[in-house]
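Down below is the structure, laid out as structure tokens.
Read-outs: derived from the displayed coordinates by stated rules, not from any lab. Worth saying up front: this structure is predicted, and the values here are computed from it rather than measured.
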């Protein structure tokens, strides 16, 4: 059985420190994928992957690397869809899992929101601020996902 790996869509990820802590506890490799050089801990389990600054280059790298032994961390719904199709476990940065059952409605909602924003401009506001509860939910979800993957 192949060892689990965590693939992080890192450019706007608010939970990188939490990912490192959980990965170290479970002794799981982490690949931090971004378009620019981000600071990551000097640790044998942590690998920085800097891709070109082309549109969706980080998403493309993650989607190609994702498989049934991967946990993909992203807030990007379209990347989540690609990773799920590759067999990966996918978690949002708030800890909510993306599943084959939930991804279709999420993509549809994303399209509706994009249409609304196009019609209303920037007056709609964005998502709610990231909270301590989101961080806690994420830690619990990542820990549970790793335990499931390691058990096979």
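A few notes on this one:
- Helical content alone sets the calculated 222 nm signal of the chain at -15000 deg cm²/dmol, taking -39,500 (n - 2.57) per DSSP H segment of four or more residues and averaging over every residue.
- For region 5-151, the share of DSSP beta bridges that are antiparallel, to the nearest 5, is 10%.
- For region 1-76: Kirkwood Rh in Å [reciprocal of mean 1/r, alpha carbons]: 12.5 Å
- Taking every alpha-carbon pair in region 5-151 and binning the separations at 10 Å intervals from zero gives 11, 40, 37, 11, 2 percent.
- As a length-normalised measure over Cα pairs under 8 Å and 6 or more apart, the relative contact order of region 26-99 settles at 21 percent.
- Region 127-142 and region 1-52: distance between their alpha carbon centers, rounded to Å: 18 Å
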